[in-house]
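Beneath this line is the structure, given in structure tokens, with notes to follow.
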Amino acid sequence: MSKKIIMDCDPGHDDAIALILAGAQNSSLDILAVTTVAGNQSVEKNTKNALNVLEVMGRGDINVSVGATRPLLKPASFASEIHGDSGLDGPKLPEVPALKPTQKQAVDVIIETLKQSEEPVTLVATGPLTNIATVLIKEPNITQYIDSITIMGGGTFGNWTPTAEFNIWVDAEAAKRVFESGVRINVFGLDVTHQVLATDQVIGGFREIHNPIADFVVELLEFFKSTYKTHFNMDGGPIHDACTVLYLMEPELFTMQHTHIDIEHQSLLTYGTMSIDLNDVTNKEKNAFFATAVNVPKVWKLMNKMLASYGKNNS
Ligand code: BDR
Ligand code: CA
């Protein structure tokens with residue numbers, strides 16, 4: 001039976017790849033809704049990108065709803081230097097998407113979808129946690145309908161400040177609220193996402209699949225590789241957000257450590273830093289499963305299989 005998920009995202013190259021993998025014909029995940037949030041770019045641009053990606057996937061059946069325009073307490077800040085001015089630079093996409101977002105707000109859609117589902121739903125969050133925190137603030141009892149919150153964010157080191165990762169840094173207050181929710185949380189931070197680098201060799205493998213979706217992913221990864229080279233001197237773009245859905249499909253790809261995680265939100269120097277008690281020094285109640293290792297060859301194998309399925313069935 002398929003696992004029901006809601007994808008809360010800010011596409012974004014790696015968000016787009018997460019959507020493509022989760023929405024593949026042979027996926028064990030069932031996307032009930034896509035919701036967008038300000039992050040990599042404005043929520044308008046991220047929404048446009050989500051709609052265009054779903055169109056490319058041939059998944060116009062999945063509804064997209066617009067979420068928060070800015071973090072809970074801060075002004076918005078974007079990652080144009082990593083994802084470009086459109087938020088999804090690289091492939092040529094329509095200026096006006098063929099698909100349209102729903103008239104409903106993301107937070108309301110998340111609440112309604114959770115309540116209507118016959119089984120608990122996993123919230124997959126691959127952008128700042130503003131929408132998810134707002135859901136929890138608005139309806140604290142909603143946690144009973146949530147299977148897990150599976151996020152890309154944080155890590156034991158940073159990419160936006162020396163100690164803070166972008167998604168957590170954008171809205172640390174929201175992240176703190178999520179980590180205090182009592183829901184099962186699976187965390188894919190930079191410790192593992194920086195191991196799954198789409199290098200020339202990896203991209204070459206996807207190029208050999210020869211279907212339009214794999215070609216689209218190749219274009220995304222080529223752009224991502226170039227900005228990661230310029231800004232981080234890395235030899236490939238990390239497929240960060242895709243780790244969330246790959247884990248939900250095949251949990252054994254990752255080693256998870258049950259631990260206590262808290263979010264710093266008061267310090268100027270370390271705002272948005274994830275404090276991960278891997279050595280159990282605080283003895284505080286464990287509130288998250290943090291990914292400490294990843295089986296890299298198996299990740300590429302699974303990704304290859306998912307992308308190849310597009311040529312066979314949908315698109
Ligand atoms: C995260 O930040 C965004 O730029 C990516 O889409 C990913 O979600 C990586 O730090
Ligand atoms: Ca993202």
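Just so you know, all these numbers are worked out from the coordinates, no wet-lab data involved. Note that this is a predicted model, so its numbers are computed, not measured. Neighbour counts run over all protein chains shown; Cβ positions are idealised from the backbone, glycine included.
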Pick from the range 165-186, criterion away from ligand 2 (no atom under 14 Å from the Cβ) and within 30 Å of residue 297 (Cβ to Cβ), ranking: farthest from the chain's Cα centre (by Cα): 184
Within 17 Å of the chain's Cα centre (by Cα) and outside any helix (DSSP H, G or I) - does that describe any residue in the range 93-114? no
Would you pick out the residues in the range 45-70 that are among the charged types (D, E, K, R) and touching a residue at least 24 places away in the same chain (Cβ under 8 Å)? 45, 48, 55, 59, 70
With the first residue restricted to the range 81-108 and required to be touching a residue at least 60 places away in the same chain (Cβ under 8 Å), and the second required to be among the charged types (D, E, K, R) and away from ligand 1 (no atom under 16 Å from the Cβ), Cβ contacts under 6 Å at 6 or more apart or on different chains are 90/219; 91/219
Looking for something in contact (Cβ under 8 Å) with a residue 12 or more places away in the chain, within 17 Å of the chain's Cα centre (by Cα), more than 16 Å from ligand 1 (Cβ to nearest atom) and under 26 Å from residue 277 (Cα atoms) - is there at least one such residue anywhere in the range 118-127? yes
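Would you mind finding the one in 87, 60 that is small (Gly, Ala, Ser), assigned to a loop (DSSP other than H, G, I, E, B) and within 13 Å of ligand 2 (Cβ to nearest atom)?
87
Which of the residues belonging to the range 1-27 are touching a Leu at 6+ places or on another chain (Cβ under 8 Å), outside any strand (DSSP E or B) and either farther than 12 Å from residue 125 by Cα or away from ligand 1 (no atom under 16 Å from the Cβ) (or both)? Break it down into steps so the answer makes sense when it comes.
Step one: filter the range 1-27 for residues touching a Leu at 6+ places or on another chain (Cβ under 8 Å), giving 2-9, 11-13, 16-17, 19-24, 27.
Now narrow it down to the ones that are outside any strand (DSSP E or B): 2, 11-13, 16-17, 19-24, 27.
Correct list: 2, 12, 13, 16, 17, 20, 21, 22, 23, 24, 27.
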Residue by residue through the range 163-173, note down the ones that are within 14 Å of ligand 1 (Cβ to nearest atom) and either closer than 19 Å to residue 243 by Cβ or in contact with a strand residue (DSSP E or B) (Cβ under 9 Å, 6 or more places away or on another chain) (or both). 163, 164, 165, 166, 167, 168, 169, 170, 172
Condition met for residue 170 (out of contact with any His (no Cβ under 8 Å at 6 or more places or on another chain), closer than 18 Å to residue 290 by Cα and not aromatic (Phe, Trp, Tyr)): no
With 65, 42 as the choices, which residue is surrounded by 17 or more Cβ atoms within 10 Å (Cβ to Cβ), within 28 Å of residue 306 (Cα to Cα) and either touching a Gly at 6+ places or on another chain (Cβ under 6 Å) or small (Gly, Ala, Ser) (or both)? 65
